[in-house]
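Have a look at this one.
The values are calculated or read from the model by the stated rules, or taken from the named source; none is laboratory data. Source: prediction; values computed, not measured. Cβ: placed from backbone, ideal geometry, glycine included. Neighbour counts: every protein chain shown.
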Amino acid sequence: MPKTISPLQKARAAYTPKLPKALAMHGSAVKAAMGEPTQSVSDQNEIKVLFPNTYGLPVITFDGPGEKEIPALNVGVILSGGQAPGGHNVIAGLYDGLKKISAQSNLFGFLGGPSGLTDNKYVKFDDAFINEYRNTGGFDIIGSGRTKLETEQQFDTVIKNCKTIGITALVIVGGDDSNTNACMLAEYCARKNAGIQIIGCPKTIDGDMKNEWIEASFGFDTASKVYAELIGNIQRDANSAKKYWHFIKLMGRSASHIALESALQTHPNVTLISEEVQQKKTTLREIVDNIANVVKKRAGAGKNFGTVLVPEGLIEFIPEMKKLIGELNDLLAANTAHFDSLSDSHKLQFVNKNLSDDTSHVFASLPSQIQWQLLADRDPHGNVQVSRIETEKLLIDMVGEVLNEWKDAGKYSGKFSAVNHFFGYEGRCAAPSNFDADYCYSLGYTASSLVGAGVTGYISSVRNLTKSADQWIAGGIPLTMMMNLERRHGKDKPVIKKALVELDSKPFFEFASKREMWAMEDDYQYPGPIQYFGPGEVCDVTTITIQLERN
């Protein structure tokens, strides 16, 4: 039975994404101009030793017609990690680009992420298959997964499976962790002379995978707009009912990019920025007191309502909590089997006994629910999963306690009724905005050009994003440029450096200059749903963050 699709999806299927001028004019078999040799963002000596075959490669910019004919290519692609709007268009752009090189080129999609690559489970794309997913959200075209490609045994399996199919290039669509694995795989394939190119694409709604050459990770634009719509709806409700404080935790992992962009779009009463908390060494109690003071001042003006935005990773940036989480990560990484064998009561005793005195005191002061969330299963890197820690509920409880203390002392007479929310999955598979539809298609098309250029160890780069798409600049940068050393499972490991919110950046300055006014005045903005049809200033505009950063 044929699938039924909504009128919007049918209209979106007819949308033709825009491309950078060089690719639109010359196709994917375009000239690759090589820049100067590069180096990693930090830890240069150590990274160079770890990646001798792929370190120091030049930046590539595509401009002008290709100078030689490229034979048909067999390429594989995987979607890795969490979903992000626009992933389907990356694959569509990659497919179209390969077919532009040669009609006999083939694209294979591995199912379920990296595990599909090691298990050799794949599909071969054709026009009908691809056309069904153009300009749609989600990763359901082939699925995704979080299996890590990091051992030589896995790398050997990947090489074997690719050679069995005849694949000579692999495109890995993922975030910083997935592209870290891509960097390691590229180095291994180069060392083994495997004849398999590895190309990455920058995906994550978190916005933490960017630099001079990667101006935005795809999906951030769409997800931020989805969350801003929801926040705006809640603020309209708060301003209507005038009796609730809404504490809204926003996905974003460690970085506060989504929280900052959402604040710039909606003007909430309080927004916490984790990176500022870390720089100022703001304690948990100070954060609570600051929020309570805003609640108190607004109550004095007859406003017993408001909104508070909380970034997902806040808790690991609070000094005493960061130290606690660090000690817990190292402790549990070194004693996993023993810890798992203990009863619940003995687990708590073991933790308190092995933490430093001041950290043990902090742990003991937390509500039991938060304690167990901190002790829950770690992520694949051995770190606490911050999305499972209900920071917004912790803040509600602690703010309520402070306000009750003030009320008993005659310092506060307002009402505090709070509602908690967590916005995350609501935005990860949304239909991509026009910007993300164009950007993702361009990233995929650019990846096909990198494959055609015969390079490996690169990530697709499309720059100049505040301009119209025809002025975008397509190319690629070496994955090793983005690498540094970080502590994982108690050891230093090479990983792509996360881009956190910079406190000397224009987006943060804009937010900081307005937040005191937003705290008291109901300057709420209501962005509404993403628009796909209409004037460009409504439909094609990108995030406030990138407009401020790049203009």
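Which residues, counting only those in the range 170-202, are in contact with a Lys or Arg (Cβ under 7 Å, 6 or more places away or on another chain) and in a helix (DSSP H, G or I)?
Answer for the range 170-202, where residues must be in contact with a Lys or Arg (Cβ under 7 Å, 6 or more places away or on another chain) and in a helix (DSSP H, G or I): Asp176, Asn181.
Which one of these is touching a Leu at 6+ places or on another chain (Cβ under 9 Å) and surrounded by 18 or more Cβ atoms within 10 Å (Cβ to Cβ): Val288, Val294? Give the derivation first.
On the way: Val294 fails: touching a Leu at 6+ places or on another chain (Cβ under 9 Å).
Of Val288, Val294, the one residue that is touching a Leu at 6+ places or on another chain (Cβ under 9 Å) and surrounded by 18 or more Cβ atoms within 10 Å (Cβ to Cβ) is Val288.
Restricting to the range 509-537, name every residue that is surrounded by 15 or more Cβ atoms within 10 Å (Cβ to Cβ), aliphatic (A, V, I, L, M) and assigned to a helix (DSSP H, G or I).
Ala519, Met520
Just for strands (runs of 3 or more DSSP E) wholly inside the range 72-169: which have at least 2 residues that are without any contact (Cβ under 8 Å) to a residue 40 or more places away in the chain, over 21 Å from the mean Cα position of the chain (by Cα) and crowded, with 19+ Cβ neighbours inside 10 Å? Give the steps one after another, and end with the answer.
On the way: elements: 74-79, 106-110, 122-124.
Passing ranges, in order: 106-110.
Now a separate question. Being among the charged types (D, E, K, R) and within 24 Å of the chain's Cα centre (by Cα) narrows it down to one residue among Arg463, Arg515; which is it? Walk me through how you get there before you give the answer.
Details: Arg515 fails: within 24 Å of the chain's Cα centre (by Cα).
After ruling out the rest, the residue left standing is Arg463.
Ok, one more. Of the residues Ile477, Ile473, Ile544, which is closer than 27 Å to Gly138 by Cβ, at pLDDT 95 or above and not charged (D, E, K, R)? Lay out the reasoning, then the answer.
Details: Ile477 fails: closer than 27 Å to Gly138 by Cβ; Ile473 fails: closer than 27 Å to Gly138 by Cβ.
Of the residues listed, the single one that is closer than 27 Å to Gly138 by Cβ, at pLDDT 95 or above and not charged (D, E, K, R) is Ile544.
Show the residue pairs that are 6+ apart or on different chains and have beta-carbon atoms under 6 Å apart, the first residue being within the range 15-32 and under 17 Å from Arg463 (Cα atoms), the second being hydrophobic (A, V, I, L, M, F, W, C) and part of a loop (DSSP other than H, G, I, E, B).
Pro20/Trp472; Ala32/Ala453
Only residues that are over 25 Å from the mean Cα position of the chain (by Cα) and among the hydrophobic types (A, V, I, L, M, F, W, C): list them for the range 267-295, please.
Answer for the range 267-295, where residues must be over 25 Å from the mean Cα position of the chain (by Cα) and among the hydrophobic types (A, V, I, L, M, F, W, C): Leu284, Ile287, Val288, Ile291, Ala292, Val294, Val295.
For the range 54-71, what are the residues that are part of a loop (DSSP other than H, G, I, E, B) and farther than 18 Å from Met483 by Cα?
Pass one, the range 54-71, residues part of a loop (DSSP other than H, G, I, E, B): 54-57, 66-71.
Correct list: Gly66, Glu67, Lys68, Glu69, Ile70, Pro71.
Give the range 339-357 a look and list any residue that's surrounded by fewer than 11 Cβ atoms within 10 Å (Cβ to Cβ) and in a helix (DSSP H, G or I), or say none.
Applying the first criterion (surrounded by fewer than 11 Cβ atoms within 10 Å (Cβ to Cβ)) to the range 339-357 yields 340-341, 343-345, 353, 357.
Residues satisfying the conditions are Asp340, Ser341, Asp344, Ser345, Lys353, Asp357.
Let's see how each residue does on (1) surrounded by fewer than 24 Cβ atoms within 10 Å (Cβ to Cβ); (2) in contact with an Asp or Glu (Cβ under 6 Å, 6 or more places away or on another chain); (3) of a type in the set (D, E, K, R):
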position: Cys183; (1), (2), (3): no, no, no
position: Ile196; (1), (2), (3): yes, no, no
position: Ala216; (1), (2), (3): no, no, no
position: Glu229; (1), (2), (3): yes, no, yes
position: Ile234; (1), (2), (3): yes, no, no
position: Tyr244; (1), (2), (3): yes, no, no
position: Met251; (1), (2), (3): yes, yes, no
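Looking at the range 396-403, is at least one residue under 16 Å from Gly326 (Cα atoms) and among the acidic types (Asp, Glu)? Talk me through it step by step, then tell me what you get.
Of the residues in the range 396-403, the ones under 16 Å from Gly326 (Cα atoms) are none.
Within the range 396-403, none of the residues are under 16 Å from Gly326 (Cα atoms) and among the acidic types (Asp, Glu).
Still on this structure: Considering only the range 1-33, how many residues are surrounded by fewer than 13 Cβ atoms within 10 Å (Cβ to Cβ) and not in a helix (DSSP H, G or I)?
The initial filter retains those residues of the range 1-33 that are surrounded by fewer than 13 Cβ atoms within 10 Å (Cβ to Cβ), namely 1-4, 6-8, 10, 14, 16.
Those still in the list that are not in a helix (DSSP H, G or I) too: 1-4, 6, 14, 16.
Residues that pass the stated criteria total 7.
For the range 389-507, give me every one of the strands (runs of 3 or more DSSP E) that falls completely inside it and has 1 or more residues that are farther than 20 Å from Ala32 by Cβ. Outline the logic, then answer.
Numbers: elements: 418-423, 458-463, 473-478, 483-488, 491-496.
Qualifying strands (runs of 3 or more DSSP E): 418-423, 483-488, 491-496.
Hey, any hits in the range 398-407 for a residue that's within 30 Å of Ile530 (Cα to Cα), at pLDDT 95 or above and buried (at least 18 other Cβ atoms within 10 Å of the Cβ)? Steps first, answer last, please.
Keep residues of the range 398-407 that are within 30 Å of Ile530 (Cα to Cα), which gives none.
Taking every residue of the range 398-407 in turn, none turns out to be within 30 Å of Ile530 (Cα to Cα), at pLDDT 95 or above and buried (at least 18 other Cβ atoms within 10 Å of the Cβ).
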